[in-house]
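One structure is given here, and the rest of the page talks about it.
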Amino acid sequence: MDRHTLSNGRLGAAIKADGAELCSLTLDGRELLWQAGPEWPRHAPVLFPIVGRLKEDTLRHQGRTFRMTQHGFARDRRFAWEEHTPTLCRLSLSDDAQTRALYPFAFRLELIFELDADGLTIRHRITNPGDEALPASLGVHPAFLWPLRDGVPKEAHELLFETDEPAPIRRVENGLLSPQPEPTPVEGRRLPLSEGLFTRDAVILDRPASRSVRYGAPGTPAITVSWEGFRELGIWSKPSGAPFLCIEPWHGHASPADFDGEFADKPGLLHLAPGAMRELSYRIAVG
């Protein structure tokens with residue numbers, strides 16, 4: 001089975017086995033999710049076992065080096081179906097010879113998608129079945145239509161955070177985390193959206209005070225993304241006029257530009273002891 005569709009009459013969602021990727025989210029039949037056009041060929045990829053890039057795309061572990069490209073391999077692997085009902089599905093990915101050639105750790109990653117009357121909750125469970133500590137990052141990358149409705153200007157859209165966000169933000173340069181923070185473009189709780197916001201790549205809140213953010217414009221649906229277990233938040237679009245906006249809860253980020261050490265020492269990772277499990281989740285509510 002290549003994909004499974006969830007529906008409750010009002011909301012619909014479709015999930016692909018390839019990458020366990022959410023590829024459609026509809027409200028009364030109208031699409032809200034970016035449909036993987038030529039500007040960017042994905043919908044909502046899962047970022048595992050890294051978020052962003054490693055320096056020189058190289059993972060170092062106990063004297064060995066492994067090639068690990070941006071955002072890791074999970075988004076390009078086929079997950080196994082474990083369960084599927086009209087409003088829930090569960091998929092899994094475990095280490096094998098192919099993953100160990102890139103990432104020398106045992107792992108199991110499960111994604112559970114559950115649709116209810118008001119939204120979609122996605123839970124991510126990382127388990128360490130191995131006999132050494134598991135260092136990893138996990139991020140999500142859903143891309144929503146921008147504008148959300150034809151005829152609504154992109155500049156009419158905004159993000160409204162749960163609480164004020166006065167802390168400086170981070171940027172990436174050449175794919176790596178820049179060393180210096182910079183003043184936030186968030187005005188209290190409000191971030192006005194414009195294409196110019198992304199001329200220097202993503203806006204990264206590396207310690208957001210909020211655990212939710214509301215996206216929308218007058219005359220469009222309101223989409224609220226909330227999260228648990230994730231620590232950072234990325235906001236991204238291509239600055240070339242691409243009609244999507246990504247709201248991305250992360251646990252981890254690109255390597256700092258000056259970091260070239262052991263992968264296990266990379267800032268931003270989570271570390272699971274043998275036999276341990278960690279759950280991180282986010283929710284897309286539509287109103």
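Quick notes
- Residue match in the stretch 183-196 (condition: closer than 18 Å to P142 by Cβ and in contact with a Pro (Cβ under 8 Å, 6 or more places away or on another chain)): yes
- Residues (open to solvent by 70 Å² or more (accessible area, probe 1.4 Å) and of a type in the set (V, I, T)) located in the stretch 187-236: T199
- Residue ranges of strands (runs of 3 or more DSSP E) in the stretch 14-78 with at least 1 members open to solvent by 10 Å² or more (accessible area, probe 1.4 Å), more than 21 Å from G252 (Cα to Cα) and modelled with pLDDT under 95: none
- Residue satisfying all of: in the stretch 113-125; open to solvent by less than 10 Å² (accessible area, probe 1.4 Å) and within 15 Å of the chain's Cα centre (by Cα); farthest from L270 (Cα to Cα) among these: L120
- Given (1) part of a strand (DSSP E or B); (2) in contact (Cβ under 8 Å) with a residue 40 or more places away in the chain; (3) crowded, with 19+ Cβ neighbours inside 10 Å, index of the condition W81 fails: (3)
- Every condition in (1) of a type in the set (D, E, K, R); (2) in contact with a strand residue (DSSP E or B) (Cβ under 8 Å, 6 or more places away or on another chain); (3) touching a residue at least 40 places away in the same chain (Cβ under 8 Å) is met by R64 except one, and the failing one is (2).
- Number of the condition not met by T121 [criteria: (1) hydroxyl-bearing (S, T, Y); (2) closer than 14 Å to I235 by Cα; (3) not in a loop (DSSP other than H, G, I, E, B)]: (2)
The values are calculated or read from the model by the stated rules, or taken from the named source; none is laboratory data. What you see is a predicted model; the values in this text were computed from it and never measured. Cβ atoms come from the backbone with ideal geometry, glycine included; neighbour counts cover every protein chain shown. Heavy atoms of the whole protein, side chains included, go into the accessibility calculation; ligands, DNA and RNA do not. Shrake-Rupley method; radii C 1.70, N 1.55, O 1.52, S 1.80 Å.
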